[in-house]
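Participant: I have a structure I would like to understand better, so I am pasting it below and will then ask my questions one at a time.
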Amino acid sequence: MSDVLKAYEIAKKQYAKIGVDTDKVIENLKKIKISLHCWQGDDVNGFLFKDIELSGGIQTTGNYPGAARNVKELRQDLEVALSLIPGKHKLNLHSIYADTDEKVDLNELEPRHFAGWVDWAKHNGMGLDFNPTCFSHPMAESGFTISSADSKVRDFWVEHCKRCRKIAEYFGKELGMKCVTNFWFPDGYKDIPVDREAPRRRMMEALDEVFSEKINPEYCVDAIESKVFGIGAESYTVGSNEFCLGYAVSRNKLYCLDAGHFHPTEVISDKISSVLLYTDELLLHVSRPVRWDSDHVVILDDELNAIANSLIRTGLIESTNIGLDFFDASINRIAAWVIGTRNMIKALLKAMLEPVEALKKAEIEGDYTSRLALTEEYKTYPFGAVWDYYCQISGVPVREEWLDIVKKYEQETLSKR
Ligand code: RNT
Ligand code: ZN
């Protein structure tokens, strides 16, 4: 018997004692899809426009060699990353990752510009999610897009967003799996505005126009992502928390909670259960803010565990779409995907290995001593043995073995770019 299997057998017995069936947990874990963000592969550049600077108040820092320069390289890199992550997942595309040689602007995009991605997704048994790209474009230079006071600018972005929904619908139809389209706008002021209402009213009206066409929710659903501030928009962000939550609730849309889009001590793990009382579904952008919305690679820290606990203990995982959102250009980009995604799955597994009903019983009975004692003891239960076993039966490397594969790929392929 392999060491992995031996350790699993022991762990399985230990979990069985607290009423947790590890085999069943693994079966349930397999069903959870994580949406891997394509933009970690090339520092949010995309392939539609050459030599355009990243704007919208987000930043990738670092110049680690080997960023993907075209669709083919990005797919190749993704395939390496996916081979190191257990389970079947989704790919989250931004519109600037269109697979086309045509010179096409954002307000001209059509489903056919993404046919290559649909083929790739089918081939890899994956679903697709989507995002309009309302930044890194001359029409976004003023710092405003869909809420601009200039109707030419506004119309351009409304058209882009409408077209993105059609592309999302096409993804959903082709793949037989719902596409979540996330709308995020960097719109805001560096300095203190006089009128805080008008841009928000314009954004609301523009969004109503974008969503005026009803699309079958079996194919695609829309989410709207809030933010507290961005670089260059420190004083005022149009799409604030209240704006986006209010919009989502009143228009029957999904709210997107990004872990880096709140004040530094505010956590999204405590927001999930409130939002889902008022919306049918939720989208998460799991990220790691370090002092600001720095989009560091997701690690297995307290907040990640808390997010997973919020989803699993409540059953809200059923109505939550988990997306990742980080972009680190200072380390190997494939490693970044692998580390972040494996950590997300690990956190879910760790949460699923709790005897939730027993803990809830202690809580409801007011036995807070047991609640604290048990949740603390369970933290050091052998979840790593279950994780290793899950990796093994999924045919992906166990523990840090994956790093050798990434290093080899770096040497043979990435370093030659
Ligand atoms: C920006 C938002 C947004 C982007 C991606 C690239 O602060 O988090 O989700 O990171 O669209
Ligand atoms: Zn985000």
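The values are calculated or read from the model by the stated rules, or taken from the named source; none is laboratory data. All values derive from a computational prediction rather than experimental measurement. Here the Cβ positions follow ideal geometry from the backbone for every residue, glycine too, while neighbour counts run over all protein chains shown. Remember, those area values only see protein heavy atoms, side chains included, never the ligands or the DNA or RNA. Shrake-Rupley method; radii C 1.70, N 1.55, O 1.52, S 1.80 Å.
Participant: Among 20-27, 209-216, what's the highest-first ranking by average C-beta atoms within 10 angstrom per residue?
Facilitator: Packing proxy ranking, top to bottom: 20-27, 209-216.
Participant: Treating only the Cβ atoms of Lys and Arg (+1) and Asp and Glu (-1) as charged, compute the dipole magnitude of the chain about its Cα centre; round to the nearest 20 debye.
Facilitator: Dipole of the chain, to the nearest 20 debye: 820 debye.
Participant: Would you compute, for the Cα atoms of the chain, the largest minus smallest coordinate along each principal axis and list the three values in descending order, in whole Å?
Facilitator: 65, 55, 39
Participant: Tilt of helix 3-17 relative to the longest C-alpha principal axis of the chain, in degrees (0 to 90, nearest 10)?
Facilitator: 80
Participant: How large is the convex hull of the Cα atoms of the stretch 196-319 per residue, expressed in Å³ as a whole number?
Facilitator: 118
Participant: Do the sum for the chain: with -39,500 (n - 2.57) for every DSSP H run of n ≥ 4, divided by all residues, what is the mean residue ellipticity at 222 nm, to the nearest 500 deg cm²/dmol? Could the numbers behind the result be given before it?
Facilitator: Working: 14 runs with 175 residues, N = 417.
Helix-only estimate at 222 nm: -13000 deg cm²/dmol.
Participant: Express the accessible area of the stretch 227-334 per residue in Å², computed with a 1.4 Å probe while the remaining protein chains stay in the model.
Facilitator: 39
Participant: Also, quick follow-up: Place a point 7 Å from Cα of Leu54 in the direction of its Cβ. Which residues in the stretch 335-349 have their backbone N less than 17 Å from it?
Facilitator: Answer for this model: 335-338, 340.
Participant: So, one more: Give me the mean projected area, in nm² to one decimal, of the convex hull enclosing the Cα positions of the stretch 1-52.
Facilitator: Averaged projected hull area, Cα only: 6.6 nm².
Participant: Here's something else I'd like to know. Once the Cβ-Cβ distance between Asn252 and Glu197 is put in as r, and R0 is 25 Å, what FRET efficiency do you end up with, to the nearest 0.05?
Facilitator: 0.60
Participant: Okay, next question. For the stretch 279-327, what is the convex hull (Cα atoms) projected area averaged across all directions, in square nanometres? Can you show the working numbers first?
Facilitator: Details: hull surface 14.7 nm².
If I average the Cα hull's projected area over directions, I get 3.7 nm².
Participant: Going from the alpha-carbon gyration tensor of the stretch 280-417, what semi-axes, largest first and in whole Å, does one get by taking the root of 5 times each eigenvalue?
Facilitator: Largest first, the stretch 280-417 gives 32, 18, 13 Å.
Participant: Still on this structure: Once you have all Cα-Cα distances for the stretch 1-116, histogram them in 10 Å bins from zero and send the whole-percent values.
Facilitator: Percent of Cα pairs in each bin: 11, 30, 25, 15, 14, 6, 0.
Participant: If you don't mind, another one. Give me the one-decimal nm value for the distance between modelled label points at Met1 and Arg291, 7 Å along each residue's Cα-to-Cβ direction.
Facilitator: 5.0
Participant: Give the long-range amide H neighbours of Asp295: residues separated by 5 or more places, or on another chain, with amide H under 5 Å away, using H modelled in the peptide plane at 1.01 Å from N.
Facilitator: Under 5 Å from the amide H of Asp295 lie the amide H atoms of Arg288, Val290, each far enough along the sequence or on another chain.
Participant: Here's something else I'd like to know. How many angstrom lie between the Cα centre of the stretch 2-34 and the Cα centre of the stretch 198-259?
Facilitator: Value for the Cα centre distance between the two parts: 40 Å.
Participant: Nearest 0.05, what FRET efficiency do Asn70 and Glu400 give at R0 = 35 Å with Cβ-Cβ as r?
Facilitator: Calculated transfer efficiency: 0.70.
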